[in-house]
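Just so it is clear, none of the values below were taken in a lab; they were calculated from the coordinates. Since the model is a prediction, treat every value here as computed from it, not as a measurement. All Cβ positions, even for glycine, are placed from backbone atoms using ideal geometry, and neighbour counts span all protein chains on display.
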Amino acid sequence: MIRATTIRLSAIAAGALALVAIALPAQSPAAISGTTKLKLDGPAADAVRKQGVSIAPIKPASGGAQQIKLPVAAGLAGSTTTLVRQRGGIMFSGEEGNARLGKLRLLLGKRSLLSAKLGGEEIDLFKVLGGTRRNVDAANGSVRFDNLRLKLTRAGARVLADELGLRSLPARRFGTLSTQLTGLTSSDSGKPGGSSTPSGPAQQSNACPMPSGAGPASDGTPPEAIRPPAAVDITGATIGWHVRESFIRYIATGEGTSPTGGASADPPVLLPGASAALSYDFHFPFAGGWLDSGADPANPADDRALLRFSGGLRFLYSGHGIDLLTASPEIELNGGASRAIFAVAEDGGAAQRQVLVNLDLSRASSISHSGSSYVYDRVPGAVPAGTASSTFAGFYAPGTDFGCFTVAFST
């Protein structure tokens, strides 16, 4: 099984912070074209096969034991950093165990890596050492590279060997990667492609404040917040989640969003840059919570609170392999460690609690307190640093803004 020491995709934090705040996927599902070819011709791949392990593609990937072709789900082309999400995966089958690699994601930047999900955890599987040709045209959203050499990371070799029950696996070259892609989002343009000019009157965006940065790193399942002895019950609360607008527009080119379990959506509005009226704000039923007023009861800045809600919001774009259910929000208010935790299920699988975004109270539109009532208005959220397990780190670089939350409650 995967060990706790597995190295995660922390390199995104160092290599992709320079990206402007845009969506990774392209706006138009028909715009992305191209396939990534993985040639399994390195000594590490030979070592796997010599120990009785077969290698095969997982659909919609195709190919055989020597070369696998991976369709592209989404991508971002930048002058400093390129991100590509692949569809399909790779299956390793041996007598002592199996290993299923899915959700492959390529990062090309200051430190280049190919990550994959294995056994429910995401690992930095390969280092990208370079190749014979590598061209990125950020303005046109096109990427081409030939024979990028992939070397197993030490953590990747250890985890793969454990999963397959192998005696050992060298952290050596595993294969080469080549692709020619067009229609990716350009990180230098600041806008996702494929949008058309809306007709009719447009409503101004309910813009969220920008967070000051990624906030604290978050890895794995967050612990439950412990209620302080002096805390009092929260008797009622409301929450509004204004989701990043470019992501809503992207998902809308697929099946879109759908609230579940009592959650609700605001009426659709036509915003600048959108070709149709869409819902960007979502609400969840209150389920309970507590408040600790801190050292200064008159100052909400040093308060600690936990608010739990029910219901969920589904993001579905089956054409790009995206099926996310974000449910049971927990809002932890704790100064610089504030965050929004959701139970996230991918592709109909089991839900896992995770920090979806860090909350930057210092950049909230306002924080007010009157008697027993409190309002935290439009608190910006950011994709956490140092994690690849966070859902939206699959689409955005850590530190990227991802909407905002408005929470009002009384004790």
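Given a Förster radius of 41 Å and the C-beta distance between Ile226 and Ala171 as r, what FRET efficiency does 1/(1 + (r/R0)^6) yield to the nearest 0.05? So, using R0 = 41 Å, E works out to roughly 0.55. Averaging the sequence gap over all C-alpha pairs within less than 8 Å and six or more residues apart, then dividing by the number of residues, gives the stretch 200-292 a relative contact order of 40 percent. Amide H contacts for Ala263 (H built 1.01 Å from N in the peptide plane; partners 5 or more residues away or on another chain; cut-off under 5 Å): Gly312.
In order along the stretch 261-272, phi translates into HN-Hα couplings of x, x, 5, 9, 10, 5, x, x, 10, 9, 9, x Hz, rounded to whole numbers, per the Karplus curve 6.51 cos²θ - 1.76 cosθ + 1.60 with θ = phi - 60° and x for Gly and Pro. The stretch between Leu129 and Gln67 holds 20.4 nm of extra length on full extension. This uses 0.36 nm per residue minus the Cα-Cα distance. Scattering from the stretch 207-358 was approximated by placing one identical point on each alpha carbon and applying the Debye formula without solvent; log10 I(q)/I(0) at 0.16 1/Å stands at -0.99. For the listed peptides 231-242, 282-293, a ranking on the average number of other beta carbons within 10 Å per residue, highest first, reads 282-293, 231-242.
Between the beta carbons of Arg144 and Ser54, assuming R0 = 45 Å, the FRET efficiency works out to 0.90 to the nearest 0.05.
3J(HN,Hα) couplings calculated from phi for the stretch 96-106 with the Karplus curve 6.51 cos²θ - 1.76 cosθ + 1.60 (θ = phi - 60°) are, in sequence order, 9, x, 10, 9, 10, 9, x, 6, 5, 9, 9 Hz; Gly and Pro show x. Segment Asp137..Asp347, full-extension length gain: 72.4 nm, with 0.36 nm per residue of separation and the alpha-carbon distance subtracted. A Förster radius of 60 Å, combined with the Cβ-Cβ distance separating Asp162 from Ser372, puts the computed FRET efficiency at roughly 0.65. Computed from phi, the 3J(HN,Hα) profile of the stretch 41-56 under the Karplus parametrisation 6.51, -1.76, 1.60 (θ = phi - 60°) reads 10, x, x, 5, 5, 4, 5, 5, 5, 5, 9, x, 9, 9, 10, 8 Hz, with x in place of Gly and Pro. For a straight C-alpha distance cut-off of 28 angstrom, the lysines reachable from Lys151 (same-chain residues fewer than eight places away being disregarded) are Lys37, Lys39, Lys50, Lys59, Lys69, Lys103, Lys110, Lys117, Lys127.
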